[in-house]
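*Asks:* This is the structure, below, for whatever I ask next.
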């Protein structure tokens with residue numbers, strides 16, 4: 001089975017909106033063994049909608065359309081599709097009730113345009129949208145499946161997960177299973193070399209994907225087979241081997257964001273955390289806090305952008321700063337100790353570096369970063385030389401700091 | 001003139017990469033009066049490249065292609081295009097020299113595949129790429145312009161800005177000028193109402209675009225005309241009127257990110273800043289620090305996620321916390337004063353709120369945020385009720401805090 005994604009909206013063409021929907025859909029389809037053949041973005045024009053749909057129906061088995069389902073004049077998708085498939089718009093009572101509730105709950109007046117959201121083409125399957133007022137629509141037409149969904153990511157994901165993906169999975173004869181792990185602190189090519197022999201010997205029905213991002217590489221192991229096969233055992237057997245091979249760089253054996261893995265580990269052990277940040281300027285703290293419920297293990301942090309702050313708030317010694325500078329093993333260890341004592345936490349992280357684009361010297365070029373992680377028992381520090389780009393350096397510092405913290409906790413320090 | 005964007009790469013179809021290139025290109029083309037008709041993403045397959053190119057040439061004047069120009073086996077774009085336009089690959093000495101320098105400077109060995117990057121189709125215009133090893137290529141074919149560029153955003157933007165956009169601007173008879181301003185703290189529909197009469201009376205050759213994002217709306221005024229007309233005076237006249245109409249919500253009369261505008265203002269006046277963050281957990285600090293050179297005006301901050309920290313580090317009174325709670329006018333004002341004194345800065349920001357998804361009460365529902373901004377002269381605080389979504393609340397708090405700071409500085413408090 002393959003798919004064609006059509007995204008509708010002028011805002012995509014003028015670049016006002018970055019299309020994250022297609023990427024998410026591509027990932028989810030890929031997970032259930034459906035390949036996206038093409039993605040097309042078009043404007044809110046009936047002729048464009050029809051032309052791209054004609055093309056898509058010729059080329060793919062599944063056509064997923066997003067956008068143009070809002071209540072305003074420029075939202076034409078529903079009308080165009082209704083006509084395309086030879087239906088007429090009729091009021092759907094279930095949707096109407098749900099739209100009415102939506103407005104009642106919010107104490108908002110309901111206008112005619114809102115009521116019209118409940119008008120649905122007579123010949124489609126209505127896909128209830130619990131996160132908004134525009135329902136999804138599905139047609140099965142000459143063996144092809146065509147789905148239209150709102151462009152709001154939150155609503156599209158809900159309709160995809162609840163209605164579309166299960167339906168496609170059922171239609172697809174193939175069974176596809178995945179296991180993913182996260183490595184940090186090793187480049188893609190080095191990682192590939194490390195697991196080369198194992199990868200080459202993988203059975204035909206198991207594939208490995210490298211998913212690199214700044215400072216980390218996710219490895220996703222995928223097995224395909226018939227629905228009645230026991231694929232789980234085969235997959236887990238290989239996954240266990242892979243985990244052992246990359247153990248040195250393993251961050252987590254699942255697909256969660258780093259800050260969530262760390263959060264769960266801290267919470268499960270009733271540990272607490274504080275951070276002292278120089279070059280990252282609050283980035284590490286804000287990532288930790290992005291996880292709901294982080295107040296249960298995160299006490300807070302200090303962003304110390306000046307010598308004064310490092311001395312006054314983190315008890316870094318004046319001599320340390322004068323002798324070694326702020327970007328040094330000595331300073332970052334004192335920062336780590338300082339914040340640990342201030343916040344009385346189980347663990348703390350401290351970072352100090354030169355993010356750039358200015359401030360580099362021959363001795364300490366741009367991209368030089370010291371990271372310290374520790375507890376009352378022990379503080380360890382490590383020096384890194386990252387890149388020339390400010391934001392990249394900030395993000396890399398974050399990834400490596402979390403990797404060091406993970407190793408420290410798992411190592412029982 | 002209109003354009004068709006083709007992005008090539010399997011990583012786009014499986015959703016491993018989010019396509020930010022197309023959005024950027026759409027924005028830049030729009031600025032010079034070129035409309036993007038369609039955007040297509042396809043895999044690394046010769047047939048797909050040819051099929052989409054055939055379609056694009058039928059529909060548009062300008063075809064911009066990105067991706068598939070790397071040195072590895074799956075990079076096919078150059079070979080396919082070369083054949084499509086009936087040329088042959090020849091060594092380009094200028095590119096070869098530049099590629100050689102690229103490797104020499106990095107002390108890296110140069111392989112045959114790297115040398116082959118300097119092979120360029122005989123019948124195209126070579127677009128030198130100073131940020132990478134793959135040059136851009138341009139063909140003029142039956143009155144159409146076809147450009148192929150690397151998919152790396154940093155390289156694509158360089159080739160677009162240096163070679164492609166100037167060329168298109170020259171080809172296009174139309175002159176297009178823009179002026180943009182940033183408003184904060186007012187919704188799109190309220191803003192529209194405020195300037196309705198003025199907008200309706202705009203001359204035909206001037207258009208207004210609303211560019212909303214979380215907590216702010218940019219207004220872009222665009223004038224179009226012949227190249228020999230004096231459009232600047234007309235545009236500025238309208239822009240000045242617009243600025244007056246939205247003065248209450250005006251954040252900046254240019255297109256810079258908020259943190260840059262604030263940074264410039266602080267720097268120009270030799271003011272300094274510190275922040276005390278509860279619910280935003282370092283997000284405000286990290287945004288301020290994302291600007292290169294921010295160490296000249298940003299002293300640092302305290303992320304106080306617990307009562308203890310608020311008391312110990314920010315001198316918030318125990319009674320304040322017991323009587324009014326952490327999310328209160330009293331607490332946020334004390335936090336603001338505390339951080340101001342700790343960091344001895346001209347200004348400080350303090351925020352405390354309930355980001356969600358838990359922690360709301362009837363009295364203080366999720367989305368309740370108090371923001372205080374002040375100097376040693378005066379501290380002002382304001383209460384907001386944002387949304388139910390954690391990240392949205394964090395981002396809205398940031399936008400409103402910077403708006404309050406801007407008003408405070410401009411107001412001379």
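The values are calculated or read from the model by the stated rules, or taken from the named source; none is laboratory data. Quantities reported herein were computed from a predicted structural model and do not represent experimental measurements. Backbone-built Cβ (ideal geometry, glycine too); neighbour counts: all protein chains shown.
*Asks:* Out of segment A:236-254, which residues are within 30 Å of residue A:295 (Cβ to Cβ) and either touching a helix residue (DSSP H, G or I) at 6+ places or on another chain (Cβ under 7 Å) or surrounded by 15 or more Cβ atoms within 10 Å (Cβ to Cβ) (or both)?
*Replies:* Listed by number, the residues that qualify are A:250, A:251, A:252, A:253.
*Asks:* List pairs: first residue in segment A:1-19 and within 9 Å of chain B (Cβ to nearest Cβ) and at positive phi, second residue surrounded by fewer than 24 Cβ atoms within 10 Å (Cβ to Cβ) and not in a loop (DSSP other than H, G, I, E, B) anywhere in the structure, Cβ distance under 8 angstrom, at least six positions apart or on different chains.
*Replies:* That search, which allows pairs on different chains as well, returns A:15/B:23; A:15/B:24; A:15/B:27; A:15/B:28; A:15/B:30.
*Asks:* Could you check residue A:407 against (1) crowded, with 19+ Cβ neighbours inside 10 Å; (2) closer than 25 Å to residue A:263 by Cα; (3) within 31 Å of the chain's Cα centre (by Cα); (4) more than 14 Å from chain B (Cβ to nearest Cβ) and say which number it fails?
*Replies:* With (1) crowded, with 19+ Cβ neighbours inside 10 Å; (2) closer than 25 Å to residue A:263 by Cα; (3) within 31 Å of the chain's Cα centre (by Cα); (4) more than 14 Å from chain B (Cβ to nearest Cβ) applied to residue A:407, the lone miss is (1).
*Asks:* Here is a check on your reading of the model: is residue B:379 in contact with a helix residue (DSSP H, G or I) (Cβ under 9 Å, 6 or more places away or on another chain), surrounded by 22 or more Cβ atoms within 10 Å (Cβ to Cβ), modelled with pLDDT of 95 or more and in the same structural domain as residue B:266 (by TED's automatic domain parsing)? Even if it seems obvious, please write down each step before you answer.
*Replies:* On the way: in contact with a helix residue (DSSP H, G or I) (Cβ under 9 Å, 6 or more places away or on another chain): yes; surrounded by 22 or more Cβ atoms within 10 Å (Cβ to Cβ): no; modelled with pLDDT of 95 or more: yes; in the same structural domain as residue B:266 (by TED's automatic domain parsing): yes.
No; evaluated as a whole, the condition is false for this residue.
*Asks:* Inside segment A:155-235, counting only helices (runs of 4 or more DSSP H) that do not spill past its ends, which hold 2 or more residues that are in the same structural domain as residue A:31 (by TED's automatic domain parsing)?
*Replies:* Correct list: A:165-171.
*Asks:* Quickly run through segment B:329-346 and pick out the residues that are in contact (Cβ under 8 Å) with a residue 60 or more places away in the chain and either crowded, with 21+ Cβ neighbours inside 10 Å or not assigned by TED's automatic domain parsing to the domain that holds residue B:364 (or both).
*Replies:* B:336, B:338, B:339, B:340, B:342, B:343, B:345
*Asks:* Does residue A:326 meet the test of being crowded, with 19+ Cβ neighbours inside 10 Å and within 26 Å of residue B:288 (Cα to Cα)?
*Replies:* Yes: the conditions hold for residue A:326.
*Asks:* Just one of (1) free of Cβ contacts under 8 Å to residues at least 12 places away in the same chain; (2) touching a helix residue (DSSP H, G or I) at 6+ places or on another chain (Cβ under 7 Å) trips up residue A:268, so point out which.
*Replies:* That leaves (2) as the condition not met.
*Asks:* Any residue at all in segment B:283-302 that is surrounded by fewer than 16 Cβ atoms within 10 Å (Cβ to Cβ), assigned by TED's automatic domain parsing to the domain that holds residue B:405 and farther than 22 Å from residue A:304 by Cβ?
*Replies:* The answer is no; no qualifying residue exists.
*Asks:* Collect the residues in segment B:104-132 that are under 14 Å from residue B:94 (Cβ atoms), under 31 Å from the mean Cα position of the chain (by Cα) and in a loop (DSSP other than H, G, I, E, B), keeping them in residue-number order.
*Replies:* Correct list: B:128, B:129, B:130.
*Asks:* Continuing with this model, one more query. Applying the selection to segment B:20-39, what residues are within 26 Å of residue B:83 (Cβ to Cβ) and buried (at least 24 other Cβ atoms within 10 Å of the Cβ)?
*Replies:* B:21, B:22, B:25, B:39, listed by residue number.
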